[in-house]
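> Supplied in structure tokens, the structure appears directly below.
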Amino acid sequence: MCADINYESQSDCVRRLHRLFGNQGKRHLDLACGTGPHIRHFIDTGFQSNGLDLNQPMLDQAKLRCPEAEFSLQNMCNFVVDQPYDLITCFLYSIHYSGNVENLRACIESAHAALVDGGVFCFNAVAKNLINNGSFVRHIVNHEGSEFAFKSGWFYGGEGDRQALKLSIEKTTDKVTEEWHDEHPMVAVTFEELTALLEPYFDVTVFEHDYEKLEMWNQNSGNAIFVCVKR
């Protein structure tokens, strides 16, 4: 499902943002780290990276990929650390897995508490008021004799703080196709609401969702990268 994600490009972009906005420190924590692909890239460029996630089997895979790192089974909405970090990341829109605004606020507070002064909290997000319910991303991967077609898209019903990430998978083997469908509940906010949650704790800068070049958010696109510096 993640075969088309350029983890290296995403990691390089956030390191560049950290050089521009951060304290040049190398202690890094990745929230909702999954199997650790971003952490691998950070370690390979000189960071002391750790990760946390709610899924122990994913953390087991992350440890195999990144034996130098420490991994913690924690909820990103209520986590604690032994020593503060210089950089905290949350990739792949995982900040939305907070589920509701209160949990999102708790995640922001936890990240703030886990950073040194001047540390950076960086993540990407989608604005609920700019979601096109009819828009999907689809890609195809061939693996072990089968063709997999993955499709994902955001859905917002128009009210409240809940949206959904809709996923579908088609597996075709010897001309026989199986289908799976899933829907992940996510927290829904506008970028204005998200900025208001962040500003009591951070100086906030919002960029276009482009990991290849840095451009300020144009106020119209529904995806963005948030760079938050602890006061």
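> For residue 150, all conditions in the list (1) in a strand (DSSP E or B); (2) within 18 Å of the chain's Cα centre (by Cα); (3) of a type outside the set (Lys, Arg) hold save one; what is the number of the exception?
Of (1) in a strand (DSSP E or B); (2) within 18 Å of the chain's Cα centre (by Cα); (3) of a type outside the set (Lys, Arg), only one is false for residue 150: (2).
> Here is a further query. Output the number of residues of region 5-43 satisfying the condition of being open to solvent by less than 20 Å² (accessible area, probe 1.4 Å), of a type in the set (Gly, Ala, Ser) and under 24 Å from residue 97 (Cβ atoms).
Result for region 5-43: 4.
> For region 16-47, how many residues meet the condition of being on the phi > 0 side of the Ramachandran plot and touching a Ser or Thr at 6+ places or on another chain (Cβ under 6 Å)?
The number of residues fulfilling the criteria is 1.
> When the residues of region 216-231 are narrowed to those that are part of a loop (DSSP other than H, G, I, E, B) and open to solvent by less than 90 Å² (accessible area, probe 1.4 Å), which ends up farthest from residue 92 (Cα to Cα)?
218
> Another question about this same structure. State all residues of region 45-67 that are surrounded by fewer than 20 Cβ atoms within 10 Å (Cβ to Cβ), in contact with a helix residue (DSSP H, G or I) (Cβ under 9 Å, 6 or more places away or on another chain) and charged (D, E, K, R); if no residue qualifies, say none.
The answer is 65, and nothing else.
> For region 165-182, does any single residue satisfy the condition of being outside any strand (DSSP E or B) and among the acidic types (Asp, Glu)?
Yes.
> Answer yes or no as to whether residue 212 is open to solvent by 40 Å² or more (accessible area, probe 1.4 Å) and under 29 Å from residue 116 (Cα atoms).
In short, yes.
> Then there's this: Among the residues of region 124-142, write down those that are out of contact with any strand residue (DSSP E or B) (no Cβ under 7 Å at 6 or more places or on another chain) and within 17 Å of residue 157 (Cβ to Cβ).
127, 129, 130, 132, 134
> Name the residue, out of 153, 145, 158, that is without any contact (Cβ under 8 Å) to a residue 60 or more places away in the chain, surrounded by fewer than 11 Cβ atoms within 10 Å (Cβ to Cβ), of a type in the set (Gly, Ala, Ser) and in contact with a strand residue (DSSP E or B) (Cβ under 9 Å, 6 or more places away or on another chain).
145
> State whether the residues of region 178-201 include one that is exposed (fewer than 12 other Cβ atoms within 10 Å of the Cβ) and at pLDDT below 95.
No: zero hits.
> Okay, moving on. Can you tell me which residue in region 81-131 is farthest from residue 184 (Cα to Cα), limited to those that are open to solvent by 10 Å² or more (accessible area, probe 1.4 Å) and among the aliphatic types (A, V, I, L, M)?
Restricting to residues being open to solvent by 10 Å² or more (accessible area, probe 1.4 Å) and among the aliphatic types (A, V, I, L, M), the top hit is 116.
> I would also like to ask the following. For region 113-135, how many residues meet the condition of being outside any helix (DSSP H, G or I), more than 19 Å from the chain's Cα centre (by Cα) and touching a residue at least 40 places away in the same chain (Cβ under 8 Å)?
4
> Moving on. Among 51, 22, which is the only one that is in contact (Cβ under 8 Å) with a residue 40 or more places away in the chain and within 25 Å of residue 197 (Cα to Cα)?
22
> Being in a strand (DSSP E or B), among the hydroxyl-bearing types (Ser, Thr, Tyr) and within 30 Å of residue 118 (Cα to Cα), is that true of even one residue in region 188-200?
no
> Right, here's the next one. Could you go through region 68-80 and let me know if any residue there is surrounded by 18 or more Cβ atoms within 10 Å (Cβ to Cβ) and within 15 Å of residue 186 (Cα to Cα).
Yes, because at least one residue in region 68-80 is surrounded by 18 or more Cβ atoms within 10 Å (Cβ to Cβ) and within 15 Å of residue 186 (Cα to Cα).
The values are calculated or read from the model by the stated rules, or taken from the named source; none is laboratory data. Quick caveat, the model's predicted, so the values are computed rather than measured. A quick note on method: Cβ atoms are made from the backbone with ideal geometry, for glycine too, and the neighbour counts reach across all protein chains shown. Surface areas here come from the heavy atoms of the whole protein model, side chains and all, with no ligands, DNA or RNA. Shrake-Rupley method; radii C 1.70, N 1.55, O 1.52, S 1.80 Å.
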